[in-house]
Amino acid sequence: MKLFNIILSAITVIAAVLLCQQIISNSVINQQNKNDYAELNHVKYGLLSIDEWKRQVTVILAAEINKLYLSRANERVIRKHIETLLNTLIDQVDKKIRKDNSETAGGRLSQSFIDLFVNLKEIKKGIPEYTDAVMHELTKAKTKHQVKAVLRKQLEKYSKLTFDFQDTPELTRILLRTGSADVETARVKLNDQIALKHDLIVKEEILLILLAVLLFVVSGFSKESLTPSRYASLVLILVVLLSAGVTTPTIDMEAKISQMSFMLLGNPVHFENQVLYFQSKSILDVFRIMIEHREIKMKLVGILLITFSIIFPLLKIASTLGFYFDIRHARRNPVIRFFVLYSGKWSMADVMVVAIFMAYIGFDGIIANQLSHLNSSGEELVLLTTNGTSLQPGYYLFLTYTLLALFLSELLTKKHHAEERRNPYVEVGPK
């Protein structure tokens, strides 16, 4: 039976280590995929991009040019403008000729013949006929086609003159990494990979937690003394959970405009999944950001973070090992005794779990509150926002580590006190 327990514990620990390695590996890949997906959908490449506005507006204007036609109301307006223009043009031509002819003797002679044979009033009487001829040419299919071609050419010219100076090395990197020819293809690939990896990570996380809980439950409810092999397996499980908990993302914070649309010249202008803010960070990622910050106070916060989330828990695990095996009379060491016997109901890891959860609640509330002011729905504008803040597998792994670490500490404390009551003069050790 003892050999069976040793083999079972060893298999459980090995399975936990393999699951931990897979969870960390898949989480790192998925974290990169999420960051790249958020970058592709960032508002700077969509709603705030001149190129994106130019693309949509140019299509609308080109469509309007193709639909260009002269209604009867428009024809009357144009006819009136043409008549006015022809009348003004005739007067200007007459003034120009008279001015030029007045400067020379030959010109004055020519002007006298013009005045004799040309009646300006008679010419102006023909303006309606001239206007009919112009309108006839304008309404020809060939003329309409030529006008549209000129307008399209001018639109293309203006489009080329409209651009921004936005540098896009990140987009290029993402396209190369995903092996995609365009942004939309990269979006589809990353979205599929994120969903696939997330499902896999959740399954691996649940399996790891179940293995750890099962091993602790069996050890806790066993009437036999905690053997060294079983105790070592419990400690190793805690180290595995702690490693996975601090290296995988604990919280994702996302704020985005899921949809914005309005009508321009009877055509929709539409933007989707415009990411305003996105962060996916593990405890180690936050520590790295803080420790690399230029301000000393941020570095101090980073040191406190890593101390409470990693160093203290590892010291507590090491203390329980030293206490259990009485390495160099560790049971008489007041620091070791404090960590093992008296810190069971107080742990900075607990504080970290609560802090992460409160940060989630706080960010979720802030983002939801701010985005609610942007939501709008009406005939002119439809604007829908989404709060994508969520706790990630790293949080639940760290939470499981914290609870099981408290359980192990309580288990060891109770067994120690029970042995002390039975024999106060004998130190408790492994059997």
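The values are calculated or read from the model by the stated rules, or taken from the named source; none is laboratory data. Keep in mind it's a predicted model, so treat the numbers as computed, not measured. Methodologically, a virtual Cβ is constructed for each residue, glycine included, from the backbone with ideal geometry; neighbour enumeration extends over all protein chains shown. Each accessible area value is taken on the protein alone, full model and side chains, heavy atoms only, with ligands, DNA and RNA left out. Shrake-Rupley method; radii C 1.70, N 1.55, O 1.52, S 1.80 Å.
Computed over the range 1-124, the range of Cα coordinates on each principal axis works out to 135, 38, 16 Å, biggest value leading.
Extension gain, Glu64 to Leu18: 0.36 nm times the residue separation minus the Cα-Cα distance gives 10.4 nm. The 3J(HN,Hα) values that the Karplus relation (6.51, -1.76, 1.60; θ = phi - 60°) gives for the range 32-39 are, in residue order, 5, 4, 5, 4, 5, 5, 5, 5 Hz. Gly and Pro appear as x.
Starting from the residue with the highest accessible area, list Leu151, Leu85 in decreasing order, probe 1.4 Å. Before the final figure, lay out the partial values.
Working: Leu151 70, Leu85 120 Å².
The residues order as Leu85, Leu151, largest area first.
Over the C-alpha trace of the range 126-258, radius of gyration and Dmax come out as 34.5, 120 angstrom.
Take Leu138, Leu19, Leu190 and sort them by solvent-accessible surface of the protein heavy atoms, 1.4 Å probe, largest at the top.
So the residues, ranked largest to smallest area, are Leu138, Leu19, Leu190.
Shown is the FRET efficiency for Gln92 and Glu272, computed with R0 = 41 Å from the Cβ-Cβ distance and rounded to the nearest 0.05: 0.15.
Accessible surface computed residue by residue for the range 22-162, with neighbouring protein chains in place and a 1.4 Å probe, gives 69 Å² per residue.
Using 1/(1 + (r/R0)^6) with R0 = 22 angstrom and r between the beta carbons of Phe325 and Ile206, what's the FRET efficiency to the nearest 0.05? Let's see the in-between values first.
On the way: r = 33 Å, r/R0 = 1.48.
Once the sixth-power term is evaluated, E becomes 0.10.
Taking the Cα centre as origin and putting +1 on Lys and Arg beta-carbons and -1 on Asp and Glu beta-carbons, what dipole magnitude results for the range 251-297, to the nearest 20 debye? Please report the intermediate quantities before stating the final value.
Details: 5 positive and 6 negative charges, 31 e Å.
Using only the charged Cβ atoms, the result is roughly 140 debye.
For Ile251, the residues 5 or more places off, or on other chains, whose built amide H falls under 5 Å of its own are Lys281, Gln392.
For the range 176-191, putting each phi into the Karplus relation 6.51 cos²θ - 1.76 cosθ + 1.60 with θ = phi - 60° gives couplings of 5, 5, 8, x, 10, 7, 8, 5, 5, 5, 5, 4, 4, 4, 5, 4 Hz, in residue order, rounded to whole numbers and with x for Gly and Pro.
Regarding the range 1-42, what whole-number volume in Å³ per residue does the convex hull of its Cα atoms give?
On the way: hull volume 1.5 nm³, N = 42.
Spelled out: Cα convex hull of the range 1-42, divided by residues, is 35 Å³.
For the range 214-339, a Kirkwood radius taken over Cα pairs fed into Stokes-Einstein (37 °C, viscosity 0.692 mPa s) yields D = 173 µm²/s.
The modelled label-to-label distance between Arg173 and Ile78, using points 7 Å beyond Cα along the C-beta direction, is 5.5 nm. The range 269-303 and the range 96-140 have Cα centres lying 78 Å from one another. Figure note: Val59, Val301 ranked by solvent-accessible area, largest first, 1.4 Å probe, ligands and nucleic acids not counted: Val59, Val301. Taking the Cα centre of the range 71-141 as reference, the dipole from Cβ charges on Lys and Arg (+1) and Asp and Glu (-1) amounts to some 200 debye. Heavy-atom accessible area for Arg332, with the other protein chains in place and a 1.4 Å probe, reaches approximately 150 Å².
Assuming R0 = 35 Å, what is the FRET efficiency of Asn191 and Thr307, from their Cβ-Cβ distance, to the nearest 0.05? Step by step, r from the Cβ atoms, then E = 0.35.
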